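Right, one structure below, let's go through it.
The values are calculated or read from the model by the stated rules, or taken from the named source; none is laboratory data. If you're wondering where the values come from, they're calculated on a predicted model, not measured in any experiment. Glycine gets a Cβ as well: all are built from the backbone with ideal geometry, and neighbour counts include every protein chain shown. To get the accessible areas, we keep the full protein, side chains included, count just its heavy atoms, and leave off ligands, DNA and RNA. Shrake-Rupley method; radii C 1.70, N 1.55, O 1.52, S 1.80 Å.
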Amino acid sequence: MYKLLEIVDGNVIAEHALTQANFRIGRNLGNELQPDDASVSGNHASIVLAPSAYLDDAMEATIEDLGSTNGTFVNGRAVRRQLLKHGDMVTMGALSLKFIDEQALALGGTRILLNEES
């Protein structure tokens, strides 16, 4: 299972489970996460869950910027589309989210390294 931890001033203020194939983030109604933050676009980004191309019975989470005004950043780097890894920090304006992959936690430190595309 994947989730996003919403972080303000170093404290987790909310937890958002990624339970559907397309988790949308933005201020507009209909988005799964609707931050009350003018620096986040109406339809800012989405996280898409899909079967892994590399591991049987595993899923991958990819974040995609939806043409936002202020951009989407993963670990401080602007991205248009990026595969998320456990512990990645996602920022959109003043919104800070930490991506948690509970499957990676269960592996106890085993890492699978893949080439990333931006």
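Results, tabulated for the structure shown:
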quantity: All strands (runs of 3 or more DSSP E) inside the stretch 1-98 with 3 or more residues being not charged (D, E, K, R); calculated: 2-8, 11-18, 22-25, 45-51, 59-65, 72-74, 89-92
quantity: Tabulated pairs, the stretch 47-66, first of a type in the set (Ser, Thr, Tyr), second in a loop (DSSP other than H, G, I, E, B) and modelled with pLDDT under 95, C-beta under 8 angstrom, 6+ apart or interchain; calculated: Ser52/Ala58; Tyr54/Ile112; Tyr54/Leu114
quantity: Residue within the stretch 58-80 that is within 20 Å of Asn22 (Cα to Cα), of a type outside the set (S, T, N, Q), more than 14 Å from the chain's Cα centre (by Cα) and modelled with pLDDT of 95 or more present; calculated: yes
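Let's see how each residue does on (1) open to solvent by 30 Å² or more (accessible area, probe 1.4 Å); (2) charged (D, E, K, R); (3) modelled with pLDDT under 95; (4) in contact with a His (Cβ under 8 Å, 6 or more places away or on another chain):
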residue	(1), (2), (3), (4)
Arg27	yes, yes, no, yes
Asp37	yes, yes, yes, no
His44	no, no, no, no
Ser52	no, no, yes, no
Asp56	yes, yes, yes, no
